[in-house]
Amino acid sequence: METFIITGGAPLQGEVTLGGAKNVALKVLVASLLTDEELVIDNVPDIRDVQFMVEVLQSLGVHIHRSGSTVTAQNKHVDQNRVPLDIGARLRTSSMVIGPLLARYGSAMIPNPGGCRIGARPIDRHVAALRSMGAVIDYQSDDGYFHATAPRGLTGISFEFTKNSHTGTETILLASVLAKGKTIIKGAAEEVEVDELIALLNSMGAKILRSNPGEIIIEGVASLHGAHYTIMPDRNEAVTYAIGAIVTNGDILVTGIQPDYLRSFLEKLDKVKAGYTIHNDSIRFFRPRK
């Protein structure tokens, strides 16, 4: 069992550069299943969840090579549709491979996803959307797998999320870019990480447009090509360092940051009169007063 021992009482000070956003990296890696061409991804964080996703894709036959913070993925060697239980069950987003596998190969077997347990996080809405697109999906409790087939491929739909679902929105995006016809997602998640996935898919040849707040329109295409993409800095990491500086009466300069993506958080800091100074792609966080 891992143990962290923290001796408190000291202000946190210094300078740190953000890593790439985990919540973008995982989905961009899944997008490698959508093409036989090479996908080159820069600024990939070297963290456990990313390694888990790499193992998920490698279990399907995707060739992945890492050099520093750059990952190259190519899936033309995919030779099976089943994610091993011991690999897929460790990571909730492993379930997202189901869309590309159905769209390109017509079948998929994914284990009931694991990962962090933040309240009730079922994938029933993801499954409902894919069923509406023409997939036949059954969960078999005896083996712990979702068994899915789409013998006629996937077809575009109009689907509405009555409750915001970040992963659900991205699951439909990854499934619908190669589906026949138009897909409209209503009640779609609006986080910038979703927009980053959209940008990556569009750079691969997809046709995706945010038409209105909470609405995304996807025109299915016959195929996608490779791309070279750089992952945005991690907003959650930036906020963690900011709070660490402020609550310890410290002073931290966070570099490699995109201030526009932190607007809501910075507004909260204004309310509590916490200190921060923006310098292009860096922000200094500190506590000027109690």
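The values are calculated or read from the model by the stated rules, or taken from the named source; none is laboratory data. Because the structure is predicted, anything quoted here is derived from the model rather than measured. We place every Cβ from the backbone using ideal geometry, glycine too, and count neighbours over all the protein chains shown. SASA here: full protein model, heavy atoms, side chains in, ligands and nucleic acids out. Shrake-Rupley method; radii C 1.70, N 1.55, O 1.52, S 1.80 Å.
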Report task. State whether the residues of segment 235-256 include one that is in contact with a Phe, Trp or Tyr (Cβ under 7 Å, 6 or more places away or on another chain) and within 30 Å of Thr183 (Cβ to Cβ). Result -> yes
Requested in this report: Within segment 22-66, track down each residue that is in a loop (DSSP other than H, G, I, E, B) and among the β-branched types (Val, Ile, Thr).
Outcome: Thr35, Val44, Ile47, Val62
Report task. Within segment 140-159, track down each residue that is in a strand (DSSP E or B), surrounded by 13 or more Cβ atoms within 10 Å (Cβ to Cβ) and without any contact (Cβ under 8 Å) to a residue 40 or more places away in the chain. Result -> His147, Thr155, Phe159
Requested in this report: Output the qualifying pairs, or none if there are none: Cβ atoms under 6 angstrom, residues six or more apart or on different chains, first residue in segment 71-84 and touching a residue at least 24 places away in the same chain (Cβ under 8 Å) and more than 21 Å from Tyr229 (Cβ to Cβ), second residue in a strand (DSSP E or B) and hydroxyl-bearing (Ser, Thr, Tyr).
Outcome: Asn81/Ser107
Report summary line: When every residue in segment 118-134 that is modelled with pLDDT under 90 and assigned to a loop (DSSP other than H, G, I, E, B) is compared, the one surrounded by the most Cβ atoms within 10 Å (Cβ to Cβ) is Ile123
Query raised in the report: Which one of the conditions (1) surrounded by fewer than 16 Cβ atoms within 10 Å (Cβ to Cβ); (2) modelled with pLDDT of 95 or more does Arg48 fail to meet, given that it meets all the rest?
Result: (2)
Query raised in the report: Only one residue in Glu55, Glu2 is acidic (Asp, Glu) and either more than 27 Å from Glu191 (Cβ to Cβ) or in contact with a Cys (Cβ under 7 Å, 6 or more places away or on another chain) (or both). Which one?
Result: Glu2
Report task. Say whether the condition of being hydrophobic (A, V, I, L, M, F, W, C) and in contact with a His (Cβ under 9 Å, 6 or more places away or on another chain) is met by at least one residue in segment 212-226. Result -> no
Report summary line: Of the residues in segment 63-83 that are modelled with pLDDT under 95 and of a type in the set (A, V, I, L, M, F, W, C), the one that is surrounded by the fewest Cβ atoms within 10 Å (Cβ to Cβ) is Val78
**Report entry** Unmet requirement for Ile137, which otherwise passes all of (1) outside any loop (DSSP other than H, G, I, E, B); (2) of a type outside the set (Asp, Glu); (3) within 23 Å of Glu196 (Cα to Cα)
**Finding:** (3)
Query raised in the report: Could you give every pair whose Cβ atoms fall below 6 Å, whose first residue belongs to segment 278-290 and is of a type in the set (A, V, I, L, M, F, W, C), and whose second residue is assigned to a strand (DSSP E or B) and surrounded by 11 or more Cβ atoms within 10 Å (Cβ to Cβ), counting only separations of at least 6 or pairs across chains?
Result: Ile283/Val254; Ile283/Tyr276; Phe285/Ile252; Phe285/Tyr276; Phe286/Asp251; Phe286/Gly275
Requested in this report: Take Gly168 and decide whether it is more than 24 Å from Gln258 (Cβ to Cβ) and open to solvent by less than 20 Å² (accessible area, probe 1.4 Å).
Outcome: yes
Query raised in the report: Got at least one residue in segment 268-281 being more than 14 Å from Val16 (Cβ to Cβ), in contact with an Asp or Glu (Cβ under 6 Å, 6 or more places away or on another chain) and not hydroxyl-bearing (Ser, Thr, Tyr)?
Result: no
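Would you point out which residue out of Tyr241, Tyr145 is more than 20 Å from the chain's Cα centre (by Cα) and over 27 Å from Gly106 (Cβ atoms)?
Exactly one of Tyr241, Tyr145 is more than 20 Å from the chain's Cα centre (by Cα) and over 27 Å from Gly106 (Cβ atoms), namely Tyr241.
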Report task. Taking only segment 216-241 into account, find how many residues are touching a strand residue (DSSP E or B) at 6+ places or on another chain (Cβ under 8 Å), open to solvent by 40 Å² or more (accessible area, probe 1.4 Å) and among the charged types (D, E, K, R). Result -> 1
Query raised in the report: What do you reckon, is Asp86 acidic (Asp, Glu) and either open to solvent by less than 20 Å² (accessible area, probe 1.4 Å) or assigned to a helix (DSSP H, G or I) (or both)?
Result: yes
